[in-house]
1. Sorted from largest down, give the three principal axis spans of the alpha carbons of segment 128-233, whole angstrom values.
2. With 10 angstrom as the radius, rank Ser244, Ser106, Ser64 by how many other C-beta atoms surround their C-beta, starting from the fewest.
3. What is the spread of the Cα atoms of the chain along each of their three principal axes, largest first, in whole Å?
4. Would you mind checking segment 104-133 for residues with the amide N under 19 Å from a putative spin-label position 7 Å along Cα→C-beta of Gln77?
5. Any idea how far apart Asp56 and Trp281 come out in nm if each label point goes 7 Å out from Cα toward Cβ?
6. For Glu224 paired with Glu269, estimate the spin-label separation in nm (one decimal), with each label point 7 Å from Cα along the Cα-to-Cβ line.
7. Which order do peptides 174-187, 37-50 fall in by mean Cβ count within 10 Å, highest first?
8. Starting from the Cα gyration tensor of segment 1-61, take the square roots of the eigenvalues, sort them a ≥ b ≥ c, and report rounded, prolate or oblate (rounded when a/c is under 1.5, otherwise prolate if a/b is larger than b/c, else oblate).
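Each value in this text was obtained by applying a stated rule to the coordinates, not by laboratory testing. Since we're looking at a predicted model, the values are computed, not measured. Note that we place each Cβ from the backbone using ideal geometry, even for glycine, and neighbour counts take in every protein chain shown.
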Amino acid sequence: MGMLDGKVAIVTGAGHGIGRGHAMELARQGATVVVNDLGGSVTGEGTGRDADLTVDIITERGGSAHANYADVSDPAQAEAMIAQATDDLGRLDIVVNNAGIVRDGSIFNMSVEDFDAVIKVHLRGTWLPCKYAGLHWRQLNKSTGSPVGGRIINTVSGAGLTGNFGQSNYAPAKAAIASLTQTLSLEMYKMGVTVNAVGPAAATRITGTMPGAPEVIEADDVPEDEWNRMDPAVSSPLVAWLASDEADHVTGQVIRAVAENIIWMKGWEDGPTLNNGGKRWDASKLGQQLATDVFGTRAPGLRY
């Protein structure tokens, strides 16, 4: 018996890497998985049938999986992907948004086209499946009058949480997904749908584009009884738990899974605060006030 028996899941970008690891783990826990992948390159060019590779692995191991080749940033294709689950498989319980590309470069060298392409796949390609899954669950909630128990798990990145040189497209897209996750957790709460985000770290095709990166690993390269801290499936047990009924009390959270560590990210919090006592701020004095009352020391890059 698996913790996801009888459930139907969609995992986007599941032809390789982290997405493949998630699809394999959800299937191992008993879910029927729609394996989505456009089949393009790591920079977003071309199409293919990479989803078939993951489907074959899952079915060979006794699981249930179906391929989908949709471009998740295209509204019609994203809607049809959701319908593949709801109409062809009879239900939808879990959506894992993982699809992504990279086109790195400093802001001085990055083209507008490369900026738009990365934002489109990551952010729009997360928003659209959430939208159409949400519409399905809202209708189900209205017709039954009961919480639907849907699960959305989005994918963020350390780059989006702390920034990364050369990724002024990728990092903002991932930061926006964290904000989207928190917003949708509020909008879907009354339907009984939870929305969370996972921040994985692994040796994937995306990290493989960076200088000095470790050799790319596929999730099925690592035997289930072995440990590799850069295995793309390191975060997959966390995804499976968030997708389960056990996690119905967790929503609006960003959780990183890095090697042996699972880290609850707290996000922006109010820090030390200046109060002007109802008076207008004096710009000429503000730097010194911040230095002494807020930063507690001279802040890097500021002169007083």
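1. 53, 37, 18
2. Arranged by neighbour count, lowest to highest, Ser244, Ser106, Ser64 become Ser106, Ser64, Ser244.
3. Result for the chain: principal-axis Cα extents of 68, 50, 39 Å.
4. Residues passing the 19 Å test: 113-133.
5. Roughly 6.0 nm, to one decimal.
6. Those two pseudo-labels are separated by 3.9 nm.
7. Final packing ranking: 174-187, 37-50.
8. Taking the square roots of the gyration eigenvalues as a ≥ b ≥ c, segment 1-61 is prolate.
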